[in-house]
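Read the structure below first, then the notes.
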Amino acid sequence: MPRLKRILLPLILLLFVPLLVAACSQAHFGRDWRTASRASAGIAPDPATTPEAVIQAYAARAFNWRGILAVHTWLATKPAGADHYSVHQVVGWRRGNGRSVVVSAPDLPDRRWYDADPELLLDLRGAPAARLIPEILAAIARYPHADEYTLWPGPNSNTFTAYIGREVPGLELELPVTAIGKDYLGAGRWTASAPSGGGLQLSLGGYGGLLLGGREGLEVNLLGLVFGADAYPPALKLPGIGRLGFAADPSRP
């Protein structure tokens, strides 16, 4: 019986945490995607007054019930002197129409994801951004899952963003533990660098694994739910909730 309790308690917690997230209104239910807000959140700098190159990454709670556990992530780029941003992301419904799930197109970089406010994960500007934008575009062109989409464990939108991070280590892109799918490496691939470009991870098809990175700290994946701890800045990482503690700095000092 004591052994059974030790097994059941973590399972109960796994169920409780998502319910807590829903109770705190981080997830949005019963929304109609046709009327949900896709307006700018006012985070990204205006291209008209920002001539320098800009790279940003965002995460927002996934639409409807998916937002209990997961976020949707994307990248935005603006070369020096450009008058608009290009947004790079994976949109799963496109697969049903026989199209590539990868979308790279001019758009608002900080759109709300169907009512969900975006969180800024990365904000890189100036010469470093100008240098990395061609690398990002090249990595997008060789993304190996452009014709695939699986909600869980991947490949999905977070698999795409994590792939770009690994291919362009200069971004030092740290994705939240709620970016379910970021640990999916592809069929037959078990090890890779962390999405931040530093450290290592072991992934069992996205269903389980271990990650140790300079930016991510320690993360343990159990059936796609990720627990972790970060030493700098200090924080716990919990399924459904995400980072609990000091926030990471998106400007990458």
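Residues checked against (1) touching a residue at least 24 places away in the same chain (Cβ under 8 Å); (2) touching an Asp or Glu at 6+ places or on another chain (Cβ under 6 Å):
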position: K182; (1), (2): yes, no
position: L185; (1), (2): no, no
position: S196; (1), (2): yes, yes
position: L202; (1), (2): no, no
position: Y207; (1), (2): yes, no
position: R215; (1), (2): yes, yes
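List the pairs whose first member sits in segment 166-179 and is over 25 Å from G67 (Cα atoms) and β-branched (V, I, T), whose second member is surrounded by 18 or more Cβ atoms within 10 Å (Cβ to Cβ) and modelled with pLDDT of 95 or more, and whose Cβ atoms are under 9 Å apart, counting only residues at least 6 apart or on separate chains?
V168/L132; V168/I136; V168/A139
Among what's in segment 223-253 and is touching a residue at least 60 places away in the same chain (Cβ under 8 Å) and outside any loop (DSSP other than H, G, I, E, B), pick the residue that is surrounded by the most Cβ atoms within 10 Å (Cβ to Cβ).
So, considering only residues that are touching a residue at least 60 places away in the same chain (Cβ under 8 Å) and outside any loop (DSSP other than H, G, I, E, B), the one surrounded by the most Cβ atoms within 10 Å (Cβ to Cβ) is K237.
What single numbered condition from (1) free of Cβ contacts under 8 Å to residues at least 60 places away in the same chain; (2) touching a Leu at 6+ places or on another chain (Cβ under 9 Å); (3) part of a helix (DSSP H, G or I) fails to hold for I136?
All conditions pass for I136, except number (1).
Residues checked against (1) assigned to a strand (DSSP E or B); (2) in contact with an Asp or Glu (Cβ under 9 Å, 6 or more places away or on another chain); (3) modelled with pLDDT under 95; (4) closer than 20 Å to A138 by Cβ:
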{"site": "L19", "(1), (2), (3), (4)": "no, no, yes, no"}
{"site": "A22", "(1), (2), (3), (4)": "no, no, yes, no"}
{"site": "A60", "(1), (2), (3), (4)": "yes, yes, no, no"}
{"site": "T73", "(1), (2), (3), (4)": "yes, no, no, yes"}
{"site": "A80", "(1), (2), (3), (4)": "no, yes, no, yes"}
{"site": "H84", "(1), (2), (3), (4)": "no, yes, no, no"}
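Give me the residue from segment 35-55 that is out of contact with any helix residue (DSSP H, G or I) (no Cβ under 7 Å at 6 or more places or on another chain) and of a type in the set (A, V, I, L, M) and, out of that set, nearest to L124 (Cα to Cα).
A44
Go through segment 86-113 and report how many residues are over 23 Å from A146 (Cβ atoms) and either hydroxyl-bearing (S, T, Y) or part of a helix (DSSP H, G or I) (or both).
Selection size over segment 86-113: 0.
The values are calculated or read from the model by the stated rules, or taken from the named source; none is laboratory data. Everything numeric in this text was worked out from a predicted model, so none of it was measured. Neighbour counts run over all protein chains shown; Cβ positions are idealised from the backbone, glycine included.
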